[in-house]
1. Determine which member of the set Gly156, Gly128, Gly113, Gly106 is in contact with a Gly (Cβ under 6 Å, 6 or more places away or on another chain), without any contact (Cβ under 8 Å) to a residue 60 or more places away in the chain and either under 21 Å from Ala64 (Cβ atoms) or surrounded by fewer than 18 Cβ atoms within 10 Å (Cβ to Cβ) (or both).
2. State yes or no: is Ala54 over 11 Å from Phe125 (Cα atoms) and modelled with pLDDT of 85 or more?
3. If we scan region 57-68, do we find a residue that is farther than 21 Å from Leu173 by Cβ, surrounded by 15 or more Cβ atoms within 10 Å (Cβ to Cβ) and at pLDDT below 90?
4. Among the numbered criteria (1) under 26 Å from Leu143 (Cβ atoms); (2) surrounded by fewer than 18 Cβ atoms within 10 Å (Cβ to Cβ), which single criterion is violated by Ala44?
5. Would you be able to say whether some residue in region 153-170 is within 15 Å of the chain's Cα centre (by Cα), under 30 Å from Glu3 (Cα atoms) and part of a helix (DSSP H, G or I)?
6. Which of the residues belonging to region 86-102 are outside any helix (DSSP H, G or I) and hydrophobic (A, V, I, L, M, F, W, C)?
7. Scan region 104-124 for residues that are under 22 Å from Ala145 (Cα atoms) and part of a helix (DSSP H, G or I) and report the count.
8. Is it the case, given these coordinates, that Ala54 is in contact with a Leu (Cβ under 8 Å, 6 or more places away or on another chain), touching a residue at least 24 places away in the same chain (Cβ under 8 Å) and at negative phi?
Amino acid sequence: MEEMILRVVESGWGYPGILAMIVVGGLGVPIPEDVPLITAGVLAAYGGPNVVAASAFCLGFILARDFAFFWMGRRYGMQLLQSGWGRRLVPAHLVERMTLRIQEHGIKVVAGGRFAVGLRTAIFFAAGVAAVPPRRFLLADGLAALLSVPLWVGLGWLFAENLDKLEPIVRDLRLAFGLALAAVVGFLVARWWRRRRAEETA
């Protein structure tokens with residue numbers, strides 16, 4: 001992580017480099033979303049846009065990327081995933097599964113998708129397939145992003161001169177987000193199971 005961040009900072013790529021990482025990370029390249037956000041915080045510490053502006057820029061980049069995946073699902077549906085490019089974008093079976101989850105549990109799945117590394121693109125594409133209203137999608141995704149984007153950018157700013165000390169914090173936060181997401185998923189599954197048992201009993 002530290003090497004990638006320093007490479008962007010020292011190269012002078014600046015926000016075009018951050019935008020590129022955000023985009024390719026959404027296309028399946030194994031770049032955790034926190035890396036470009038932390039990079040923006042480091043740039044803020046070294047004379048770039050301040051932390052508030054950096055967070056706003058990154059939030060705008062992320063929401064635009066997420067909405068692009070949502071719009072592709074809404075506009076083209078599962079047919080897009082039959083093309084060569086579409087199959088590389090996201091597996092069709094994963095989108096089908098996420099579409100069912102959204103239909104069962106609603107917009108909560110979209111909000112949770114913000115923290116679901118590896119599933120994020122499939123969930124946002126599936127939200128389009130499931131015909132989630134665009135405003136509801138942006139509201140759910142935006143509120144979830146407001147929890148994470150300023151946090152990562154702020155950590156990059158605070159630890160700009162000590163990135164080696166930041167790595168264990170990042171690992172702990174990733175674990176915490178993962179456990180929180182697992183707890184939410186477990187709650188939704190348990191609630192669905194109780195509802196199903198109640199219907200079968202009735």
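1. Gly128
2. Criteria met by Ala54.
3. Checked region 57-68: no residue is farther than 21 Å from Leu173 by Cβ, surrounded by 15 or more Cβ atoms within 10 Å (Cβ to Cβ) and at pLDDT below 90.
4. Every listed condition holds for Ala44 apart from (2).
5. Yes, there is a match, as at least one residue in region 153-170 is within 15 Å of the chain's Cα centre (by Cα), under 30 Å from Glu3 (Cα atoms) and part of a helix (DSSP H, G or I).
6. Of everything in region 86-102, just one residue is outside any helix (DSSP H, G or I) and hydrophobic (A, V, I, L, M, F, W, C), namely Val90.
7. Adding up the residues that qualify gives 12.
8. So Ala54 fits the description; yes.
The values are calculated or read from the model by the stated rules, or taken from the named source; none is laboratory data. No experiment lies behind these values; they were computed from the predicted model shown. Heads up, the Cβs are rebuilt from the backbone with ideal geometry, glycines too, and the neighbour counts pull from every protein chain shown.
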